[in-house]
Structure formats: structure tokens, C-alpha cells
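Peer 1: Can you read through this structure? Questions will come right after.
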Amino acid sequence: MPTINQLPTITTLSGGDQLPVYATSNGDARKASINTLVEYFQTTFADPNYTVVINAPTNSGFNIALAASSQSIWLIMNPAGTFAAGSVTLPPVLNCYDGQEIIIISTQTISALTINGNGGTLVGVPASLGAGSSFTIRFNELQQTWYTIVNSLQISGVDLVTTTGVQTLTNKTINLADNTLIMTSAQLATALLDETGSGLAVFNTSPTLVTPILGTPTSGTLTNCTGLPTSGLTGLGVGVQTFLGTPSSANLATALTDETGTGSAVFNTDPTIDGANFTGHAQTAPVVGASVGGALTLDTTQSNVFTVSMTENVTTMTLNNPAQGQTVNILFTQDATGNRTIIWPADFKWPGGTAETLSTNSNAVDLLVITYLGTNWYASMLKDLS
């Protein structure tokens, strides 16, 4: 019997041509036609044709379950819009054949895509799909595993950065001179891990801060600041905060530590001073008074001490603006002629009811001391002090 290499050669095959085979089920050599061989390959190995499945999910969280097929499957997903999540369940692993492929493509972004192996193991499947992205998986029957062999988001197994996919970038540098990052303050706060406070991002030129806690600044200028509550001030002396909130004379006296006396604060124009005790100096500087046409008028708000040179007889003496309890000293000096006289006001009250008269000697000096109480001046005089 000739061997195969000794048989004549033919260049064209037909379906009925016979091939020698060893049938393991029978344990002997037998023949099979070309048609039988082709049918075996079609049944056992991947069909170049695909069963096309088109699905249009309308809601996020959808699930597409693929039925068992004798062919590879091409799943075309046409979501109604961008969805946060979705899933695909593969055919039961026992109904899948060696080399079977499944192509999955989506026309919209699916941010979180879950592939359910339905009993099979998955290797390399993407966790999301951008608009227009796809991937292909192939089944290995021996391992019952679906392997990703084509991924439109990868080149040689390396992930590509897409404009719509949700991806994590590692060890990348973005040059902001050539690129623009657009985000809101809220999105920036979400991206940061060590921020403090909330609200809008702040830059250092003319920012508006809402109820900030500034801590302890090393320096600062509070010009034009408003709305500072005195309750927020610390490090002040006793009573100072109260005085700043309610600036009364009593609160000022409480805030001061070296004051003397009591009562209301005093300013230098027309003050009313009750029971003052001046030590070591005159109450006020002496004011020179002079009569004109026999009339002598003194303004007691100018001073408590007056000097009057008697150059004529005084027929009218007037003391204006006296204060209750005010004591006034008036020093009268006769000129070289002497014998000048004065008629005292009717509201002068004298010891014993008898009015004093001026010394008449030339250049004589008399000191009149009067105190205003009620509506009267109570008078006494030291005479001829020269």
C-alpha cells in the first residue's frame, strides 16, 4: 500500500473529496469528506459572522443580558444620553464556545460600566466607556475566561486619555500656559483634601470674606474696617471694653486706674465743677478788670481771680454768669489819688449786715472774697493789705 507522499497530487478540492482520519472513537483509520471537515470547523470554532444586538437604554443603571449564541456577538448600545452607570451580562459560560468573541460599543458615555461574566472570569475589561468607545473580548473555553483583546481606549495595553471618559491620571503634568482648567469653587473644594472653610475661592486682592476665623495674624491694617464688635476685643484693661460699648463718664471712670475725683467728664469750655479741690496751683489766672464810666462788669466764667485798679468811683458793679458754689477773689487797689469808692450790688450779703468800704489811702489794697450761693453773693473783705 503506497504512503500519502506517493499518491498523485491534485490542485482543486471539492466537497466530496475524501481525507484519511484516525477515528479515536473507533480506534481505526477512516475517511471523511471535505464537507464534513468544514462543518466541523463551523460548529467548533468562531464564526466570522456576528450576531448583532442593538439596545437603547433609557435610564442609568440599565442591564443588558446577552443570550447564548452559536456566533460571536456584536452589542451596539445607543443610550438615550450620558449615564452614570450601566451593566452587561454575558451569555452563560456553559453556552459559550472556544474562541467566541463579543464586541461592545456605546454611542454615549457610561461613567461606570459593569461586565457580568455569568460564570466566566473577566480579564482586562474597562470600567467605563466614552462616547464612541468599544472593546472586544474573546472566550477561552479551557480556562472559562473572557480576555480583552481589543480596547479602543488602549494602545498596546496602555490606557488612552479621552475627552469624555472618567479616568484617573497618575504622574502627569498639565502645563497651564497651554491648557485651561475650568471648574467651580465647589468642584475645587471637592478636589482638595486639606482645605479649610467653605464657599468661594479667594484671591488676595480685595476679597470678600464671610464670617472668617483669622486666627492670630502677625500684622495687619484695620483702616476702613467697620462692624467690629467690642465684645470681640481681648487684652483690654478692666472696664475698657464696657466703656467702648457704652462711653459714659461712669464707665470711663471705671476704666481709668489713676483718676481722681468722681462725677462726669469735664471739658475746658464752660465746665461745671462741683466741690473741686485744686492743689499746688491757682484755680485760674487772674483777670484784670476795669470800670468804664463808673460801671465795673466782671465775667465770672473767665476766672475766679480778678484785679481792679480804682481810677474812678464805681457806681455800678455787675458779676455775670456766676456758678453755684463759685468763690471769686477781687483785689482792689486805690490809685495815687485814693478815696475812690464803690457801690456794692444788692445781692451782696455781709457779716453783721453792714457792707464794707474800700480803704481810702492812696495805693491802698483790699481783697474782696465772695461766694455765690442761691441768688446771693456772700462777701467778706481783708482791708488795707498794703
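Peer 1: Classify the range 1-112 as rounded, prolate or oblate, taking a ≥ b ≥ c as the square roots of the eigenvalues of its Cα gyration tensor: rounded when a/c is under 1.5, otherwise prolate if a/b is larger than b/c and oblate if not.
Peer 2: Because a/c hits 1.5 or more and a/b exceeds b/c, the range 1-112 counts as prolate.
Peer 1: For the range 1-43, just say rounded, prolate or oblate: build the C-alpha gyration tensor, square-root its eigenvalues into a ≥ b ≥ c, call rounded for a/c under 1.5, and beyond that prolate if a/b exceeds b/c, oblate if not.
Peer 2: Since a/c reaches 1.5 but b/c is at least a/b, the shape of the range 1-43 is classed as oblate.
Peer 1: Among 376-384, 103-111, how do they line up from the highest to the lowest mean number of other beta-carbon atoms within 10 Å?
Peer 2: 103-111, 376-384
Peer 1: About the Cα centre of the range 287-382, what is the dipole size in debye to 20, counting +1 per Lys and Arg Cβ and -1 per Asp and Glu Cβ, all else neutral?
Peer 2: The dipole magnitude comes to about 100 debye.
Peer 1: Tell me the label-point distance for the pair LEU181, GLN302, using the 7 Å Cα-to-Cβ offset, in nm and rounded to one decimal.
Peer 2: Spacing of the two 7 Å Cα→Cβ label points: 8.1 nm.
Peer 1: To continue, here is another question. Enumerate the aspartates and glutamates that LYS31 could reach by cross-link, defined here as Cα to Cα under 16 Å, with residues fewer than 8 away along the same chain left out.
Peer 2: Partners within reach: ASP17, GLU39.
Peer 1: Given that just one value was derived from the coordinates, which of (i) 21.1; (ii) 22.1; (iii) 34.4 is Kirkwood radius over Cα pairs in Å?
Peer 2: Checking each listed value against the structure points to (iii).
Peer 1: Tell me, in nm to one decimal, what length is gained between LEU19 and THR257 on full extension, where the rule is 0.36 nm per residue of separation less the Cα-Cα distance?
Peer 2: Working it through step by step, the gained length comes to 73.4 nm.
Peer 1: Under 23 Å between alpha carbons, and skipping anything fewer than 8 positions from LYS349 in its own chain: which lysines qualify?
Peer 2: LYS383
Peer 1: Which value, in debye to the nearest 20, describes the size of the charge dipole of the chain about its Cα centre when Lys and Arg Cβ atoms bear +1, Asp and Glu Cβ atoms bear -1, and nothing else is charged?
Peer 2: Magnitude of the dipole: close to 820 debye.
Peer 1: Ok, one more. What shape does the range 299-338 take by its C-alpha gyration tensor, where a ≥ b ≥ c are the square roots of the eigenvalues and a/c under 1.5 counts as rounded, a/b above b/c as prolate, and the rest as oblate?
Peer 2: Judged from the Cα gyration tensor, the range 299-338 comes out prolate (a/c at least 1.5, a/b above b/c).
Peer 1: Work out how much length VAL369 to THR114 would gain on full extension: take 0.36 nm times their residue separation and subtract the Cα-Cα distance, in nm to one decimal.
Peer 2: 80.7 nm
Peer 1: Run the simple label-point estimate for THR107 and THR170 please: 7 Å along Cα→C-beta, distance reported in nm.
Peer 2: 3.6 nm
Just so you know, all these numbers are worked out from the coordinates, no wet-lab data involved. In this text the structure is predicted, and so the values were computed from the model without any measurement. Because the Cβ atoms are built from the backbone with ideal geometry, glycine has one as well, and the counts that use them run over all protein chains shown.
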